[in-house]
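Just so it is clear, none of the values below were taken in a lab; they were calculated from the coordinates. Given the structure is predicted, the values throughout are model-derived calculations rather than measurements. Note: ideal-geometry Cβ built from the backbone for every residue, glycine included; neighbour counts use all protein chains shown.
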Amino acid sequence: MVVKGGNKEELQDWLKDLNEQDSCWHGQLQGEPQAFLAALGAMDAQLISLHRSRVSLEEFFIRQLRERGITFSQ
């Protein structure tokens, strides 16, 4: 996501790996997209661009295990 405006503290609740470049905030959305878009107005922020990322098969598999409470050791 690329967002213009808002403040770092509020955006950190929604975007991980948040950093600022060229007067815009860049980060990866964590949470529901519709809820985030609704929250942007309250933050006085504007969505500039959205890029969908693909999760690797390994990341998907690990997420599925964690959601089911299955732990593993490395």
For L29 paired with E9, estimate the spin-label separation in nm (one decimal), with each label point 7 Å from Cα along the Cα-to-Cβ line. 2.5
If you average the sequence gap of Cα pairs under 8 Å that are 6 or more apart and divide by the length of segment 2-67, what percent do you get for the contact order? 36
For segment 2-67, what is the percent of antiparallel DSSP beta bridges, rounded to the nearest 5? 100
Please compute the net charge surrounding G31, taking Lys and Arg as +1 and Asp and Glu as -1 over other residues with Cβ under 13 Å from its Cβ. -2
Helix-only CD estimate at 222 nm, as mean residue ellipticity for the chain, using -39500 (n - 2.57) per DSSP H run (n ≥ 4): -10000 deg cm²/dmol
Give me D13, D44 sorted ascending by neighbouring Cβ count inside 10 Å, so fewest comes first. D44, D13
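Where in the chain are there trypsin sites (Lys or Arg not before Pro) that are in a DSSP coil and have at most 16 other Cβ atoms within 10 angstrom of their Cβ?
R52, R54, R68
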For the chain, take the alpha-carbon Rg, divide it by the Kirkwood Rh, and send me Rg/Rh. 1.08
